[in-house]
Amino acid sequence: MISWTDVNLLQNQKLEKQVKLNELLNSNILDLDRINELKSEILYLDKQIKKILGSKEIERQEILKGRKLENLHVDKYYSLKYKVSKIRPMTHATNRIIKLIDLMETEKNAVEDMNMDRVRVKAA
């Protein structure tokens, strides 16, 4: 039986070591001894986790993680497809509205041009 509390404890320790290592790598002062020490501790914790879980369980978890990513990509694809399907009719509608506005403006200009040709004279 797998002791998940031990695994979680080791994974938390490994995560803390990785954060410290990342901070050291991004700092201005490079302490190579400390960096190598953290790397070896991380590898040791990783081996302990593998020993507790076993290779079959690790492979199974990686497969599940891959499936979750695939499902996530599929969900993102369908959400994008839904958004695009909503946007596409709007573009057609806006294009139609723009054409109507242009048509109305040309008609208005044509009527104004016709009115300019006429001269109104008041009867005395």
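The values are calculated or read from the model by the stated rules, or taken from the named source; none is laboratory data. Just so it is clear, the model here is predicted, and its values are computed rather than measured. Note that each Cβ is placed from the backbone with ideal geometry, even for glycine, and that neighbours are counted across all protein chains shown.
Name every residue in region 64-86 that is among the β-branched types (Val, Ile, Thr) and either surrounded by 10 or more Cβ atoms within 10 Å (Cβ to Cβ) or not in a helix (DSSP H, G or I) (or both), in order of residue number.
First pass over region 64-86, keeping only residues among the β-branched types (Val, Ile, Thr): 74, 84.
Val74 - this is the single residue of region 64-86 that is among the β-branched types (Val, Ile, Thr) and either surrounded by 10 or more Cβ atoms within 10 Å (Cβ to Cβ) or not in a helix (DSSP H, G or I) (or both).
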**OP:** Identify the residue in region 31-58 that is modelled with pLDDT under 85 and exposed (fewer than 11 other Cβ atoms within 10 Å of the Cβ) and, among all such residues, is farthest from Gln11 (Cα to Cα).
**Re:** Lys56
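Considering only region 45-55, I want to know if a residue exists there that is among the β-branched types (Val, Ile, Thr), within 34 Å of the chain's Cα centre (by Cα) and outside the structural domain of Lys14 (by TED's automatic domain parsing).
Here is the first cut: in region 45-55, the ones among the β-branched types (Val, Ile, Thr) are 49, 52.
Still in the running and within 34 Å of the chain's Cα centre (by Cα): 49.
After this cut, where a residue has to be outside the structural domain of Lys14 (by TED's automatic domain parsing) as well, the list is none.
Scanning region 45-55, I find no residue that is among the β-branched types (Val, Ile, Thr), within 34 Å of the chain's Cα centre (by Cα) and outside the structural domain of Lys14 (by TED's automatic domain parsing), so the answer is no.
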